[in-house]
Amino acid sequence: MIMWLLPAMLILAAIACSIPLSAYFTWLMEGRYRAPRVLKWFEDLVDTGPQDWKQYTIALIVFNIALFIFGFVVLSLQPYAPLNPRGLGWLEPTTIFNTVISFLTNTNLQHYAGETALSNFSQIFFILPNMFLSASVGFCALAAIIRLFRGAEKCGNFFVDMWRVCMYIYVPVALLFGIIFMQQGMPMTYASTEVATTLEQGSMGLDDKGQAKPQTIVVGPVAAVIPIKMLGTNGGGFYGMNSAHPLENPTATTNFFTTLAMMLFPFALVLMYGRMLGRIRHSVVIYGVMLAMMIGLIAWVIRTDTMEPNPGLTAHAATAWQVPSASAPSGKLDVPSPAVAALPVNQHLGNLEGKELRFGTSAGAAFAAITTDVTCGAINAEMDSLNPLSGLSPMIGMWLNCVFGGKGVGMINLLLFLIVGVFLAGQMVGRTPEYLGRKVGAREMKLAMIALLVHPILILGPAGLFAATGWGTTAEANPGAHGFSEIVYQFSSSSANNGSAMDGLGVTYGLNANASPSPEAVPWDIATGLVMLFARYLPIIAPIAMAFSLGRKKVAPVTLGTMSDDTVTFGFLLFGTIAIVGALLFLPVAALGPIAEHLGPIPFGG
């Protein structure tokens, strides 16, 4: 039972913290605070006046275009900038393109390893600002949608909202977590490396003079990056091993707080939605649906991974299976499989391959589910080493993209399922569907469906293309169903603004001077970059337009036929809509990937 203790503590702590946080967020976004004089001066400076939905959206897009240009310039200046004592050069141009879009869109998919490819200058002036600013965009978009749902002609000012979220929310909370992390031993320095003498002389090899090489340990402002990495559900690691690295996640205490940090804001924003609308019971129902899905996905991955052995290490009897073959007399070819002996590994603690046991046996599995449920993408264990059925949990989290989801964007995505559910329920009883007392018409449904279908199209289309060409088959380290899962996971992560990956894919070019990059790195850089770009902004812009269209309608009087949106029945309607629509969209690809791997040839069945 001890394996369930960590996820239970995390969920309870996140629920407890989300209640006061949601009240604080509402107080800020409603403008009921009084800022200090210096901060008020700058806030007045960026306040260009109330904006309608089109002006707000244009401001959001222009701001992100400016961030893209800024990011491209900063990464291009890396060889000439200070804080680069190791003399790191340029990243490959397509990798710069991918990286800038990745951090611009709050995805943080990393086709590079931070400690070998980025200087402290790039970490401080590119990675860190983007983590704060990109995390604030979805938060601002949700605030604008709430104001439009209330029937307001103006939805606030994007630049003021951005200032409030960054300065009054992310900065102070990140500072608090940074202090905790430094106390636990996380590095915080402008130095780039530390040199250490290893206990075993010569373990790092010999230099040209035959002398034992010391160990070079990359350090930097890690404790400045990691708090906003988790609070902003960014997920991009200072090191390539992300939260499994002992300097990025030194202790079980930092592991608990990093995991809690990525849960706080997605949980609180659901309740903020209800507070700002004056419908707290409605938001509690939504909160309950999201929480039920998260608990289910965490329980699934722990049950199928932490409580099950790695089948690749267990004994398998000789068996045979049939495959279609045009040359065989019966049209089927018998394929024998010899017996496989078990390896002498005690697996009473479950599948431990790729796990960091400093945090406990279930920490890796629980983290895998949570990081994809809230679209963070940080990892503290190897996703590629999960048992096949366990890999379904993070994939489902990314496919649904509304199991709390990212800051603001997760709630926005759930609203799309909600509008579809309300529409279907209205059609079944022969009544015009309503949400928040307003009639849901053709325009709202079209905008909701555009935003809803962008996600599966941007996953399934590119995944099918790459799986059918050398771009995918050359890059994958594992053939068959697992290799297909790696491809699908990469595009799911890109489209869901998640950023985690099954590391069996060769997608890394690295520095431009790299003599042996992954052969298909360039098409992967370009394809995932474009997926991240379109998957970020279309599902934000369309819901803002939908909220404006719905909010301008008159509120209909409540009658006996009005469907209540704050009941358990409504919760089941919402849950059923998400489950059915999600299954229709992604069950076939799940059958071709993780399920086929589990049921297929040895070592995962037979």
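The modelled label-to-label distance between residue 335 and residue 42, using points 7 Å beyond Cα along the C-beta direction, is 6.1 nm.
Taking all protein chains into account, the per residue accessible area for the chain stands at 40 Å² (1.4 Å probe).
Stokes-Einstein, applied to the Kirkwood radius of region 203-320 over Cα pairs at a viscosity of 1.567 mPa s and 4 °C, places its translational diffusion at 69 µm² s⁻¹. Per atom type, region 393-447 shows carbon and sulfur on 63% of its accessible surface, probed at 1.4 Å.
Considering every alpha-carbon pair of region 218-271, the percent of pairs per 5 Å bin, from zero through the bin containing the longest distance, is 5, 21, 31, 24, 11, 6, 3, 0, 0. Here region 1-113 exposes an accessible surface that is 74 percent carbon and sulfur, computed with a 1.4 Å probe and the other protein chains kept in place. Farthest towards the positive end of the charge dipole of region 482-606, among the residues 509, 572, 562, is the Cα of 562, using unit charges on the Cβ of Lys, Arg, Asp and Glu. For the chain, the mean residue ellipticity at 222 nm estimated from helices alone is -17500 deg cm²/dmol, where every DSSP H run of n ≥ 4 contributes -39500 (n - 2.57) and the total is divided by all residues, rounded to the nearest 500. Checking every one of the trypsin sites (Lys or Arg not before Pro) in region 1-51 against DSSP loop status and a limit of 12 other Cβ atoms within 10 Å picks out 32, 34.
Dividing the C-alpha radius of gyration of region 176-216 by 2.2 N^0.38 Å, with N its residue count, gives 1.71. Ellipsoid fit via the Cα gyration tensor, region 296-369: semi-axes of 36, 17, 8 Å, each the root of five times an eigenvalue, largest first. So for region 39-164, what percent of the C-alpha to C-alpha distances run longer than 20 Å? Here the tail beyond 20 Å accounts for 50 percent of pairs.
Modelled spin labels at residue 113 and residue 34, positioned 7 Å past Cα toward Cβ, are 5.5 nm from each other. Between residue 62 and residue 308, the contour length at 0.36 nm per residue exceeds the Cα-Cα span by 83.6 nm. Using a/c under 1.5 as the rounded threshold, could you call region 460-606 rounded, prolate or oblate? The axes a ≥ b ≥ c are square roots of the C-alpha gyration tensor eigenvalues, and prolate needs a/b larger than b/c, oblate otherwise. Cα axes put region 460-606 in the oblate bin. Summary of the geometry: region 405-422 and region 437-510, compared by the centres of their Cα atoms, lie 19 Å apart.
For the chain, the relative contact order comes to 19 percent (Cα pairs under 8 Å, sequence separation of at least 6).
P(r) tail for the chain: Cα pairs beyond 30 Å make up 54% of the total.
Couplings for region 64-75, taken from phi via the Karplus curve 6.51 cos²θ - 1.76 cosθ + 1.60 with θ = phi - 60°, read 6, 5, 5, 5, 4, 4, 4, x, 5, 5, 4, 5 Hz in order; Gly and Pro are left as x. If R0 is 35 Å, what FRET efficiency do you get for residue 580 and residue 328 from their C-beta distance, rounded to 0.05? About 0.30, to the nearest 0.05. The mean sequence separation of alpha-carbon pairs under 8 Å and at least six residues apart, normalised by the residue count of region 423-488, gives a relative contact order of 18 percent. Working from Cα pairs under 8 Å separated by at least six residues, relative contact order for region 172-250 is 33 percent. Here the simple spin-label model places points 7 Å from the Cα toward Cβ, and for residue 320 and residue 80 these points are separated by 7.0 nm. The lysine pair tally for the chain, using Cα distances under 14 Å and a gap of 8 or more places or different chains, is 4.
The values are calculated or read from the model by the stated rules, or taken from the named source; none is laboratory data. On a predicted model such as this, the values are computed, not experimentally measured, just so you know. Quick reminder, even Gly has a Cβ in these numbers, built from the backbone with ideal geometry, and neighbours come from all protein chains shown. The area values use the complete protein model at the heavy-atom level, side chains included, leaving out ligands, DNA and RNA. Shrake-Rupley method; radii C 1.70, N 1.55, O 1.52, S 1.80 Å.
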